[in-house]
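The values are calculated or read from the model by the stated rules, or taken from the named source; none is laboratory data. Quantities reported herein were computed from a predicted structural model and do not represent experimental measurements. Here the Cβ positions follow ideal geometry from the backbone for every residue, glycine too, while neighbour counts run over all protein chains shown. We work out accessible area using only protein heavy atoms, side chains counted, and drop any ligands, DNA or RNA first. Shrake-Rupley method; radii C 1.70, N 1.55, O 1.52, S 1.80 Å.
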Amino acid sequence: MKHYEVEILDAKTREKLCFLDKVEPHATIAEIKNLFTKPHPQWYPARQSLRLDPKGKSLKDEDILQKLPVGTTATLYFRDLGAQISWVTVFLTEYAGPLFIYLLFYFRVPFIYGHKYDFTSSRHTVVHLACICHSFHYVKRLLETLFVHRFSHGTMPLRNIFKNCTYYWGFAAWMAYYINHPLYTPPTYGAQQVKLALAIFVICQLGNFSIHMALRDLRPAGSKTRKIPYPTKNPFTWLFLLVSCPNYTYEVGSWIGFAIMTQCLPVALFSLVGFTQMTIWAKGKHRSYLKEFRDYPPLRMPIIPFLL
């Protein structure tokens with residue numbers, strides 16, 4: 001069996017960082033990263049991006065050396081991705097924050113609304129219902145992170161957690177302040193508006209969970225297998241007939257329902273910002289599906305049936 005020699009250069013400076021002798025032809029990029037870590041322990045595998053071209057795309061961990069367009073002496077280029085943190089940790093931090101922050105405003109802890117309102121309770125039913133819905137949403141997300149989601153990437157840059165938490169925590173505090181404020185006024189159309197909004201919220205939450213379960217079943221534990229998602233016997237998954245990312249469709253629907261229920265401007269803005277970001281993600285996933293699968297259903301749109 002002919003062995004390979006692997007030379008690893010800095011992608012920016014072209015400085016030689018490492019030379020690996022007698023690398024097995026069937027070695028994966030993940031295994032090469034582990035070998036590279038030995039002389040450079042500060043760059044653990046999750047921080048490493050190895051590529052064939054200094055400005056090219058990162059090679060996948062599962063790529064096999066002998067199947068790459070290289071000779072028996074391979075040159076790879078290294079980029080430092082920076083300090084990494086696990087996706088599970090990021091999600092738990094992102095979602096636990098809004099749950100806790102919202103409850104501080106709901107229970108009107110001291111120094112928020114003034115001393116005479118400390119630990120008082122709103123007289124409006126919609127305020128209590130909004131707290132239940134908001135708490136349910138984030139408890140659901142926490143449980144899905146622990147028991148449902150299977151991540152294709154184990155880590156993300158540490159710096160992202162500060163940006164993400166600012167978004168989730170900041171909006172949670174902003175909307176909670178107004179919804180739980182002693183001067184809060186109920187929706188214009190009263191109980192009818194609240195009941196309609198609650199129905200939208202519950203349906204979309206069930207739909208979102210159903211899609212997450214369907215996506216989980218597509219990927220066996222410990223695998224990075226990608227398949228085309230199709231509707232199952234669960235009616236909530238039938239949205240796959242029309243959109244590539246129905247989990248985002250249902251997520252946006254949940255927040256629209258919450259905005260209608262509370263008739264609160266910060267909730268509406270949170271919904272709009274979330275929709276904008278999820279549309280970007282959905283378009284990216286839709287493009288990757290089209291590129292990867294030639295038989296991808298042509299009727300599907302990224303996030304909104306027939307439109308977007």
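The figures follow:
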quantity: Residue of LEU103, LEU68, LEU142 that the Gaussian network model of the chain assigns the largest fluctuation, springs spanning Cα pairs under 10 Å; calculated: LEU68
quantity: Extension gain, ARG216 back to SER86 (0.36 nm per residue minus Cα-Cα distance, nm); calculated: 45.0 nm
quantity: PHE306-LEU68 pseudo-label distance in nm [points 7 Å out on the Cα-to-Cβ vector]; calculated: 4.8 nm
quantity: Bridge type composition, the chain - antiparallel percent by DSSP, nearest 5; calculated: 65 percent
quantity: In segment 82-165, the trypsin sites (Lys or Arg not before Pro) that fall in loop regions by DSSP, at most 16 other Cβ within 10 Å; calculated: ARG123, ARG150
quantity: Under 29 Å, Cα to Cα: Lys pairs in segment 187-307, sequence gap 8 or more or different chains; calculated: 12
quantity: Diffusion constant of the chain at 20 °C, which comes from Stokes-Einstein with the Kirkwood Cα-pair radius and 1.002 mPa s, µm²/s; calculated: 95 µm²/s
quantity: DSSP H segments from the chain that extend 30 Å or more along their own axis, Cα-based, with Kyte-Doolittle mean of 0.0 or above; calculated: 125-147, 159-179, 190-218, 265-292
quantity: Carbon plus sulfur fraction of accessible area for segment 187-307, probe 1.4 Å, in percent; calculated: 69 percent
quantity: Furthest towards positive pole of dipole, PRO110, LEU20, PRO69, structure part the chain, Cβ charges; calculated: PRO69
quantity: Area of PHE119 that stays accessible when all protein chains are in place (1.4 Å probe, Å², to 10); calculated: 140 Å²
quantity: All lysines inside 25 Å of LYS2 as judged from Cα atoms, apart from same-chain residues fewer than 8 positions distant; calculated: LYS16, LYS22, LYS33, LYS38, LYS60, LYS67
quantity: Residue of HIS26, HIS149, HIS137 that the Gaussian network model of the chain assigns the largest fluctuation, springs spanning Cα pairs under 10 Å; calculated: HIS26
quantity: Segment 4-128 - percent of accessible surface contributed by carbon and sulfur, probe 1.4 Å; calculated: 58 percent
quantity: Cα centroid separation - segment 283-304 against segment 159-198, whole Å; calculated: 33 Å
quantity: Surrounding net charge for ALA30, when Lys and Arg each add one and Asp and Glu each subtract one, Cβ distance under 10 Å; calculated: -2
quantity: Taking the chain and dividing mean pair separation by its residue count, relative contact order in percent (alpha carbons under 8 Å, at least six apart); calculated: 14 percent
quantity: Environment charge of VAL148, counting only residues whose C-beta is closer than 12 Å and scoring Lys/Arg +1, Asp/Glu -1; calculated: +3
quantity: Cα gyration tensor shape of segment 84-185, rounded if a/c is under 1.5, else prolate or oblate by comparing a/b with b/c; calculated: prolate
quantity: Label-point separation in nm, LYS163 to ASN234, each point 7 Å along Cα→Cβ; calculated: 3.1 nm
quantity: Neighbour-limited loop hits for chymotrypsin sites (Phe, Trp or Tyr not before Pro), segment 187-254 (at most 14 other Cβ within 10 Å; DSSP other than H, G, I, E, B); calculated: TYR189
quantity: Net +/- balance of residues flanking TYR248 in space, Cβ distance below 11 Å, scoring K and R +1, D and E -1; calculated: +1
quantity: Dipole in debye (nearest 20) - the chain, about Cα centre, beta carbon charges: Lys, Arg +1; Asp, Glu -1; calculated: 340 debye
quantity: D_trans [Stokes-Einstein, Kirkwood Rh over alpha-carbon pairs] for segment 8-99, 10 °C, 1.306 mPa s, µm² s⁻¹; calculated: 110 µm²/s
quantity: Segment 98-169, relative contact order in percent, only Cα pairs under 8 angstrom and at least six apart counted; calculated: 32 percent
quantity: Label point distance in nm, LEU183-THR93, each placed 7 Å from Cα along Cα→Cβ; calculated: 3.6 nm
quantity: GluC sites (Glu not before Pro) within segment 1-38, DSSP loop, no more than 12 other Cβ atoms inside 10 Å; calculated: GLU15
